[in-house]
Every structure is written in C-alpha cells, then in structure tokens.
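This report refers to the structure that appears directly beneath it.
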Amino acid sequence: MTNEPGPAGLSGSELGKQRAGRFAAGFVESGMKVGLGTGSTVHHTMVALAEKSLDIACVATSRRTEALARELGLRMITADEAGRLEIAIDGADEVDPMCHLVKGAGGAHTREKVVAEMADKFVVVVDDSKLVEALGAFGLPIEVLDFAPGIASARLEALGAEMVTVLPERSDGGNVLLRVMFEVIEDPAELAASIKAIPGVVEHGLFLNWCVARVIVGTSEGQVRQIFPPH
Ligand code: 5RP
C-alpha cells in the first residue's frame, strides 16, 4: 500500500483516481505496446506515461483518448498495427468482489473490450467508490445498431431489465447507446451471454474477470491497494 500526501484541493474521489491512475503507469516499460482506456482515471495514467518519456506505442479506445494522448505527445498506432498489446489500462464504473466489471459510462466499452482482449495484462484503475458488493446499480451500458433499438430494448426487458434509456450521444462507431437498469446482476456471466445473443446488440459493458489481471484501487485518503481476480 502506498500513501503519498495528496495535493490540496483534490476531492476524495478525484484523489483516489489520481493515485490509481498514476500507480498503473508504473507497470509500463519502454518497448511496450499499451492500450489506453477512456475516462478521468486513466487520464492520470496517460499524463504519468507522458511524463516518463518512455518509448512506447499506444492504442486508444476512443477518439477522446486519442486526442488527449496526441496532445500529451504519446505515439499512437492502430489496433491492427499493434496486433497484441503487452498491457492495457482502463477505468471502470463498478467492480464486484470477483473483479467482474461494469464499464461504458463514456460510451466506449466496445472498443475498450477489443483492446482489453488484445492485452497480455488488462489493468483496471478505479477510486474506491467503484467497489460494489454486486453489479447493477450503476446501469449497464449497451451499444446497439440504430436499425432497431426498440426491438433490442424489448429483448432486454424480456431478460429482466427494469428500465432502458436511449442516450442522446452515439458511440464512436456511430451506434445507439442504451443505459439498462437490472436490479442486481446475480450472475454476470449468464447475463453477458444472454445479452450477447440478442441480434442487433453490438456490445455490452459487462467485463468478466477472466480478462482482468488486477484492479488498482485509489482510496479517498490517497492510499493505493490492489485486488486480484480468483484465477
Ligand atoms: C468509459 C469507461 C470508463 O473507464 C468508466 O466510465 C470510468 O470512468 P472514470 O475513470 O471517468 O470514472 O468505461 O467507457
């Protein structure tokens, strides 16, 4: 556990994000190909990577991340150019005790899942407000084709969704983004498989723990601890 004093003015959650994000940059070495997630926590990782002036090549999970990374002077390549990644670092919206995740508040979960799967090590960075006993309360982001979002929504309701909201923004791929409320997600693997089987669903924001190497948690007191999935 590390416990560095925090800069004045950072809220507990923001301090936790900064600590976790910067800690993860310590896993990156020159020569690596690195997947960069999307969001305010991994933002801190990117700033720390730029400060270290490493010789790395990065793959971005969103246009937003790509723009920030270029601004910071990080070298960018496409996912196809990379092929494999030594490491990918990304945030999450919920983390359960088994290290299953809900992701996608930034609407980037489809590209994030591709990049996580490409990586030898997928490292998750969160502040401690993201730790939950069971997934669900945040709502599950789901990307669907704009051909028939109403049909996809009806299929999701048949799976037990209590509320399906169509978000005003689109994904980077131009698809429709839904936020779907399931009361409590008792069995993430079963729900993930059921949602994936709905025609028109491009990707959902459930990330099962088989893809997670470790979760780095920054606390509101400025400490960092790590959680490992049971595999
Ligand atoms: C974007 C994501 C983000 O990683 C997630 O929303 C966490 O964001 P933040 O670090 O800003 O709390 O999945 O699609």
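The values are calculated or read from the model by the stated rules, or taken from the named source; none is laboratory data. If you're wondering where the values come from, they're calculated on a predicted model, not measured in any experiment. Cβ placement follows ideal geometry from the backbone for every residue including glycine, while neighbour counts extend to all protein chains displayed. The protein model used for the area step is the full one, side chains on, heavy atoms only, and it has no ligands, DNA or RNA in it. Shrake-Rupley method; radii C 1.70, N 1.55, O 1.52, S 1.80 Å.
A compact table of results
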| quantity | calculated |
| --- | --- |
| Within the accessible area of the chain (1.4 Å probe), percent carbon and sulfur | 53 percent |
| Estimated FRET transfer efficiency when R0 is 25 angstrom, pair Ala193-Ser40 (beta carbons, to 0.05) | 0.25 |
| Residue among Ile142, Val132, Leu101 farthest towards the positive dipole end of segment 85-159, charges placed on Cβ | Ile142 |
| Nonlocal amide H pairs with Glu94, under 5 Å, H built at 1.01 Å | Val102 |
| Distribution of pairwise C-alpha distances over segment 132-231, 5 Å bins, in % | 2, 12, 21, 20, 16, 12, 10, 5, 2, 0 |
| Segment Ala79-Ala67, length gained on full extension (0.36 nm per residue, minus Cα span) | 2.7 nm |
| For segment 18-39 versus segment 134-194, the gap between their alpha-carbon centres in whole angstrom | 29 Å |
| Count of Lys pairs (Cα-Cα under 21 Å; at least 8 positions apart or interchain) in the chain | 17 |
| Furthest towards positive pole of dipole, Leu178, Val47, Pro168, structure part the chain, Cβ charges | Val47 |
| Those residues of segment 100-126 whose amide nitrogen sits under 16 Å from the label point placed on Ala57, 7 Å along Cα→Cβ | 118-120 |
| Surface/4 of the Cα convex hull for the chain, nm² | 12.4 nm² |
| Beta bridges per DSSP with both ends in segment 1-135, % antiparallel, nearest 5 | 10 percent |
| Net charge of neighbours whose Cβ lies under 9 Å from the Cβ of Val132, counting Lys and Arg as +1 and Asp and Glu as -1 | -2 |
| Within segment 1-150: Cβ-based charge dipole about Cα centre, in debye rounded to nearest 20 (Lys, Arg +1; Asp, Glu -1) | 280 debye |
| Sum of side-chain charges, Lys17 neighbourhood, beta-carbon under 13 Å (Lys, Arg +1; Asp, Glu -1) | -2 |
| Helix-only CD estimate at 222 nm, as mean residue ellipticity for the chain, using -39500 (n - 2.57) per DSSP H run (n ≥ 4) | -8500 deg cm²/dmol |
| Computed FRET value (nearest 0.05) for Phe147 with Glu117, which takes r as the C-beta separation and R₀ as 22 Å | 0.30 |
| Segment 37-120 - charge dipole about Cα centre, Lys and Arg +1 at Cβ, Asp and Glu -1, debye rounded to 20 | 240 debye |
| Exposed GluC sites (Glu not before Pro) absent: longest stretch of the chain, with sites in DSSP loops and at most 14 other Cβ within 10 Å deemed exposed | 30-132 |
| DSSP beta bridge pairing in the chain, given as percent antiparallel to the nearest 5 | 55 percent |
